Amino acid sequence: MNQIAVVILNYNGQKHLADFLPSVIQFSSCATIYIADNASTDDSLALLKTEFPTVNIIELTENHGFAQGYNEALALVEAEYYVLLNSDVEVTPHWIEPIIELMSNDKTIAACQPKIKAYAQKSHFEYAGAAGGFIDHLGYPFCRGRIFQEIEEDLGQYNDTKEVFWATGACMFVRADVFHQVGGFDGDFFAHMEEIDLCWRIHHAGYKVYTCGTSEVFHVGGGTLHKSNPYKTFLNFRNGLAMLYKNHPEEGFALAILTRLVLDGVAGIKFLFFDTWQDCWAVARAHFDFYAHFFSWYRKRKQLQRKKNISTVYRRNIVWQHFINDKKTYPEIPK
């Protein structure tokens, strides 16, 4: 068994592989590298076989999406630690060692992430994870270094090691046994929010999630679905609602779901008047899809042994703090 397996899920990412796989190979000598190809239709496989013959290739027969794609691939990888890495990430020297050392010294840490910074603006954090993720009691995610669309400059303010609620799927270190113990990603999510749902179930199982500020990587972002794509809006709202429904403890559950439905409606109206009608319709479709598959989500909720009090859940409403109280950065929000 390998101790560390870096697993990159690829779908039509030939350019990203050409640009970023060299840094992964150069700075990951302590790990075995796998490319799990989600039935790409471009020349990704040809590129890998000719230009990167040292990497291991897992060929999936269809595009399973991010969530189920990783489930299918990781069933074939034996390792103590999985490093789930997006294909559009540039890694840096010694990006692996500090996190493995941290997790090796504390067996209760099941998942961890480095600082995620923007490839296009390397002085700043990147949207997908920044310096570690949190969630409020209504299921809205935010990060140290990123609250909604507000991105902070990295001034060394998050160079610490800290317990968080979720680690980004763009670069997630996770114990393989815990990943499988909690059931892996929810394949029905397809993509987006699945890493937060996974981390919530990791907390339910009694483990912790951390961020390590002595490791950093640079992420392009939007490699598969750009933020302007209405399908991304659909997935974020559908998966966010499903995640909250599955994982929220019984106490305050009904009020949280009702409040979330109302706030999603407000977001849909905002999209209609200030963005595009396609995004507004995507929010509506997200709710219709959730209702259409309600009994599936209901069964998943009933199967979970939910932990009541998770210390890294933000007990206030981050939507209110940001949009009404004008809190732009993580240090500004009342704890």
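For the range 78-149, the square roots of the Cα gyration tensor eigenvalues, ordered a ≥ b ≥ c, give a/c of at least 1.5 with a/b no greater than b/c, which places it in the oblate category.
Between ALA120 and THR50, the C-beta separation translates, for a Förster distance of 22 Å, into a calculated FRET efficiency of about 0.15.
Summarising the label geometry, the points placed 7 Å from Cα in the beta-carbon direction at GLU251 and ASP42 lie 4.9 nm from one another.
Here's how it looks for ALA36: its modeled amide H is under 5 Å from those of ILE8, LEU9, ASN10, ILE58, which are all 5 or more places away or on a different chain.
Can you give the helix-only mean residue ellipticity at 222 nm for the chain, where every DSSP H stretch with n ≥ 4 adds -39500 (n - 2.57) and the sum goes over all residues, rounded to the nearest 500 deg cm²/dmol?
Numbers: 10 runs with 123 residues, N = 335.
Dividing the helical sum by the residues of the chain leaves -11500 deg cm²/dmol.
Looking at the chain, do any whole DSSP H helices span at least 20 angstrom along their long axis by alpha carbon and average 1.6 or above on Kyte-Doolittle, and which? Those that clear 20 Å and a mean of 1.6 are 253-274.
Does the range 129-225 classify as rounded, prolate or oblate by the C-alpha gyration tensor (a ≥ b ≥ c root eigenvalues; a/c under 1.5 gives rounded; else a/b over b/c gives prolate, otherwise oblate)?
On the way: a/c = 1.62, a/b = 1.35, b/c = 1.19.
Prolate, since a/c reaches 1.5 and a/b exceeds b/c.
The candidate values are [x] 0.95; [y] 1.17; [z] 1.07; the one derived from this structure for Cα Rg over 2.2 N^0.38 Å carries the label [x].
From the Cα gyration tensor of the range 230-311, with a ≥ b ≥ c the square roots of its eigenvalues, which class applies: rounded if a/c is under 1.5, or else prolate if a/b is larger than b/c, or else oblate?
The shape class here is prolate.
Comparing GLY156, GLY268, GLY129 in a Gaussian network model of the chain where C-alpha atoms under 10 Å apart are linked, the largest mean-square fluctuation is found at GLY156.
With both residues required to sit in the chain, DSSP beta bridges show an antiparallel share near 45%.
Values in this text are rule-based calculations from the coordinates and carry no lab data. Fair warning: this is a prediction, and the values are worked out from it, not measured in the lab. For neighbour counting, all protein chains shown are included, and Cβ atoms are generated from backbone atoms with ideal geometry for every residue, glycine included.
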